[in-house]
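A short worksheet on the structure shown next.
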Amino acid sequence: MKKILIIGSTGQIGSELVMELRRRFGSTNVIAGYIAGKEPTGELEKSGPSVEVDVLNRNSIEKAVEGYQIDTIYNLAALLSVVAESNPALAWKVGIDGLWNVLEVARNYNCAVFTPSSIGSFGVDTPHDMTPQDTIQRPRTMYGITKVTTELLSDYYHTKYGVDTRSVRFPGIISNVTLPGGGTTDYAVDIYYAAVKGETFVCPLKSDTFLDMMYMPDALNAAISLLEADPSLLKHRNSFNVTAMSFTPEMIYKAIKKHIPDFEMIYEVDPLKQAIADSWPNSMDDSCARKEWNWIPKYDLDSMTVDMLEKLRAKLNK
Ligand code: SER
């Protein structure tokens, strides 16, 4: 029987991953871990158990894992790329000291661990087009540095201690339940909210900046199917390139305009976000994930746009 703990369950990915895991594995088998001040509310709170877990407090992880007899941990605690630049020490603490705590508990209690990596683990020296699975990873952002370290430390715990660690390098994740907080790819979420509210969108990236992106249902599917995959078929572990689409601000603007012809966008480039985006891939090659665990995304830019607009109109009463 699977017993799953999600650390960071009230964040952008966590809030939807908990609900999807509860649908697939049963409500009582999926425990929503949260930190003080970020308690689950609404459906997330009502649909199953939750527990206070702080990655910086190993005891709290241990208590939850022991108490609920957890065998699988999704460790989603992290600071996103832009916010990490304003507090690099905290980004390292949460991302790496926190991960160390999670991995130690996993080693002692025999848990599988999923900790996401990111397109942010690449840097200016990485080939930008069809970025290979195994290539140069020399990021210059603290976010990227924590993600490369996450990959290495997770592999270390697998080879040295046999902990079942697995991970994907997520691209920008587009969703309509919980907002992302402080990432470079957030614009691709914010643009839909502006369009539905009838506001002009102020884009922080240049019109021709390509970045990999993915709609949340595909991201959830990636996180769940990788942990379900037959381990004997995995040549890689930490971490797999996964992508669903690659587009520029101009391309997403045009996709939305097909449905909302009056929608307007202007550019006010944010130098920090632009520099980060320019250091990330234009498009990743995710053939290893496709081969090793049958990764296949369902949504492209147009089908995601239809669904995002429909969901946000209902959510915002527009
Ligand atoms: N969405 C993340 C960010 O923009 C990238 O993984 O920081």
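Summary table below
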quantity	calculated
Surface share of carbon and sulfur [accessible, 1.4 angstrom probe, percent] for the chain	51
Cα-Cα P(r), the chain, percent of pairs per 10 Å interval	6, 28, 36, 23, 6, 0
Label-point gap, in nm, between N59 and D302 - each point 7 angstrom along Cα→Cβ	5.8
Label-to-label distance, nm, for residues given as F25 and N317 (7 Å Cα→Cβ offset)	3.7
Options N294, P40, A277, ranked by Cα towards positive dipole end of the chain, top entry (Cβ charges)	P40
Filtered trypsin sites (Lys or Arg not before Pro), the range 261-310: DSSP coil and at most 11 other beta carbons within 10 Å	K298
In the range 252-318, GluC sites (Glu not before Pro) in a DSSP loop with at most 14 other beta-carbon atoms within 10 Å	E264, E268
The range 123-235 - charge dipole about Cα centre, Lys and Arg +1 at Cβ, Asp and Glu -1, debye rounded to 20	280
Check: the range 199-301 dipole with +1 on Lys, Arg Cβ and -1 on Asp, Glu Cβ, in debye	300
Within the range 27-115: Cβ-based charge dipole about Cα centre, in debye rounded to nearest 20 (Lys, Arg +1; Asp, Glu -1)	80
Relative pair counts by distance (%), Cα atoms of the range 126-217, 5 Å bins	2, 10, 15, 20, 19, 14, 10, 5, 3, 1, 0
Net length gained if the chain between R290 and L152 were fully extended (0.36 nm per residue, minus Cα distance)	47.5 nm
Distance-filtered residues of the range 274-308 - backbone nitrogen under 18 Å, label point 7 angstrom along S232 Cα→Cβ	292-294
Amide H contacts of V30 (H built 1.01 Å from N, under 5 Å, at least 5 apart or other chain)	I4
The range 1-79 pair-distance distribution - Cα-Cα, 5 Å bins, rounded %	3, 18, 33, 27, 15, 4, 0
Additional length obtainable on full extension of the chain from I260 to E43, 0.36 nm per residue less Cα span	75.1 nm
Loop-located GluC sites (Glu not before Pro) in the range 139-247 whose Cβ has at most 14 other Cβ within 10 Å (DSSP)	E199
Nitroxide proxy distance, nm - points 7 Å out along Cα→Cβ at A275 and E52	3.9
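The values are calculated or read from the model by the stated rules, or taken from the named source; none is laboratory data. Small disclaimer: the values here were computed from a predicted structure and weren't measured. Counting neighbours? That spans all protein chains shown, and the Cβs are built from the backbone with ideal geometry, glycine included. Surface accessibility is based on the protein's heavy atoms, side chains included, excluding ligands, DNA and RNA. Shrake-Rupley method; radii C 1.70, N 1.55, O 1.52, S 1.80 Å.
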